[in-house]
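What follows is one structure encoded as structure tokens, with my remarks underneath.
Read the figures in this text as sums done on the coordinates, not as results from a lab. What you see is a predicted model; the values in this text were computed from it and never measured. So basically every Cβ, Gly included, is an ideal-geometry build from the backbone, and we count neighbours across all protein chains shown.
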Amino acid sequence: MMADPEVSTQSGGYDVDLFVDTPDYDLICTICQGVLRCPVRAACHHIFCKKCILQWLKRQETCPCCRKPVNPSLIFVMHKLRKSIGCMKIKCKNEIRGCRETFALSEQYYHSVSCLYELISCPYQGCRAQLLRRALDTHVRYCEHWCQPCHMGCGTILSHRTQAQHNCYKKLRQEYETRQRNHRAIATALQRKMRRMQSTMAHMKRQIELICESLEVMDDLCEVEEEDHRESSGSSGAPCSNNSNC
Ligand SMILES: [Zn+2]
Ligand SMILES: [Zn+2]
Ligand SMILES: [Zn+2]
Ligand SMILES: [Zn+2]
Ligand SMILES: [Zn+2]
């Protein structure tokens, strides 16, 4: 099995080359040759990285420096030393990629999560691109796997390809305007129909009035005729045959 370089440096001390100033000899762990990570002191006063000595003691319970017996339960973390090592200035592990920053060892993690020269994976699902953090913005602008819900809140998941054509607001507005146009057309048609009906009704009313008028005229005529008839039959008791004009 191949050793993972990241894991092996994690378990041992810090890489000496990482430090801006060459670390003192007494800060070096004799087991891993790195700068002490979580330093512990054995009863014999020799100091090692905690992990290094615990691993060593699994094989033999003697000090790797002086061969004196070491009791694994009698090793103590040196908090002050740990703290002062944490204050030592280191270079960024991404120096080789161009990062020029230096910072306290204890700030290594905080720097790495923001280091512009850190190699990261594109965060979009399905994209296998590995790139420097500083190139992410540019990559994301062209990444085929980029996707985001529409910021207007319509729920559509957009890609670079669909984003250009997507305009749900415009579409909604168009739909609204079309609907308004349709409603206006219906209202105009109804108004026209109503006016037509009103004029038909007026026409019918006029017709009814005319019929009524003519009926009244006819009634009047009948009355006049009846009166004439009664008058003529009342003045001469003789039958009509006497009148030659009849
Ligand atoms: Zn060590
Ligand atoms: Zn010793
Ligand atoms: Zn950096
Ligand atoms: Zn990508
Ligand atoms: Zn939308």
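For region 109-201, what number results from the quotient of the Cα radius of gyration and 2.2 N^0.38 Å? Spell out each step's value before the answer.
Values: Rg = 26.5 Å, N = 93, 2.2 N^0.38 = 12.3 Å.
Rg over 2.2 N^0.38 Å, computed on Cα atoms: 2.16.
Give the residue list of trypsin sites (Lys or Arg not before Pro) in region 100-179 that are DSSP loop and have at most 14 other beta-carbon atoms within 10 angstrom.
Those that pass, being in a loop and sparsely packed, are Arg100, Arg128.
For the pair Arg134/Ile208, report the inter-label distance in nm, with labels modelled 7 Å from Cα in the Cβ direction.
9.3 nm
How high is the FRET efficiency between Asp24 and Ile120 when r is their beta carbon distance and R₀ equals 35 Å, given to the nearest 0.05?
Calculated transfer efficiency: 0.50.
If one takes the longest principal axis of the Cα atoms in the chain, at what angle in degrees, from 0 to 90 and to the nearest 10, does the Cα axis of helix 168-235 lie?
Taking Cα atoms only, the helix is inclined about 10 degrees.
Quick check on my link table: of Lys51/Lys93; Lys51/Lys83; Lys68/Lys89; Lys58/Lys89, which ones sit more than 26 Å apart, alpha carbon to alpha carbon?
Too far apart for the 26 Å limit: Lys68/Lys89; Lys58/Lys89.
Would you work out the Kirkwood radius for the chain? I mean one over the mean of 1/r across all pairs of different Cα atoms, in Å.
Computed over the chain, the radius equals 29.1 Å.
Going Cα to Cα from Lys205, which lysines come in below 30 Å? Please leave out same-chain ones fewer than 8 positions away.
Lys193
Separation of region 197-231 and region 64-90 by C-alpha centroid, Å?
Cα centroid of region 197-231 versus Cα centroid of region 64-90: 129 Å apart.
For the chain, which longest stretch is free of loop sites, where a loop site is one of the GluC sites (Glu not before Pro) that DSSP puts outside H, G, I, E and B and that has at most 16 other Cβ atoms within 10 Å?
Result for the longest clean stretch: 145-246.
Over the C-alpha atoms of region 29-170, what are the Rg and the largest Cα-to-Cα span, Dmax, in Å?
25.0, 82
Using a 7 Å offset from the Cα along the Cα-to-Cβ direction at both Cys150 and His229, what is the distance between the two label points in nm, to one decimal?
With each label placed 7 Å out from Cα toward Cβ, I get 8.7 nm.
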